[in-house]
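Below is one structure; the comments refer to it alone.
What follows draws every value from the coordinates through simple rules; no lab data is involved. Just so we're clear, the structure is a prediction, and the values are computed from it rather than from any experiment. Neighbour counts are summed over all protein chains in view; Cβ atoms, including those assigned to glycine, are modelled from backbone coordinates with ideal geometry.
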Amino acid sequence: MPVIVVANPKGGVGKSTLATNLAGCLAAAGHSVMLGDVDRQQSTAQWLALRPGGLAPIQGWDVAGGSLVRPPQGTTHVVLDTPAGLHGKKLDSVLKIADRMLVPLQASLFDIQATHAFLNELRERPGGGKLRLGLVGMRVRENTKSHDHLSDYLATLQVPLLAMLRETQNYVQLAARGLTLWDVAPSRVERDLTQWALLQAWVRAA
């Protein structure tokens, strides 16, 4: 049972957007998915409360108390959202259960600096070396200098770039209704689904 953690100590990089849509992607594929959140704001729990009935089910995982125990039998995939400022003991507790980690970042100098420091910290933490890591560019505007700057930086890392997700209101509007890209007609979000292809393959890989 893979436990996929979405983490970056920098706030506002799109962690919850990535986590909820990843959970929706897995649920739409028929997996038994639990979505947890170790952030005090509990953004994903609030999103789950908005999710309409009749859609591919996503179960909540109450880890607000900081007790990161294995989820119930029958769960096939876990997606865990994390807070800004994830360091030290809280990071160590996450690493104890994580199999894979997605690190989202945006095309800004502050995001790049925070992500660089975080990747270095991961290498030094117990359990960090066993993780399968992947990077995801968030709210990327194509054909801009910031896009080129981000691409140049990512090319220097020994971590695979799995997706560059464009800046679009689709994610905002869907989140406001507890939905993901996989809960609406594919024709409405065709361009966005295409951007997830490599990321989906990474998740499916053993």
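Numbers at a glance
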| item | result |
| --- | --- |
| Cβ charges +1 (Lys, Arg) and -1 (Asp, Glu), total dipole of segment 3-204, debye | 220 debye |
| Contact order normalised by residue count of segment 3-204, Cα under 8 Å, 6+ apart, percent | 26 percent |
| Once exposed loop trypsin sites (Lys or Arg not before Pro) are cut out (DSSP; at most 15 other Cβ, 10 Å), longest piece of the chain | 41-140 |
| Along principal axes, Cα extents of the chain, largest first, whole Å | 43, 41, 32 |
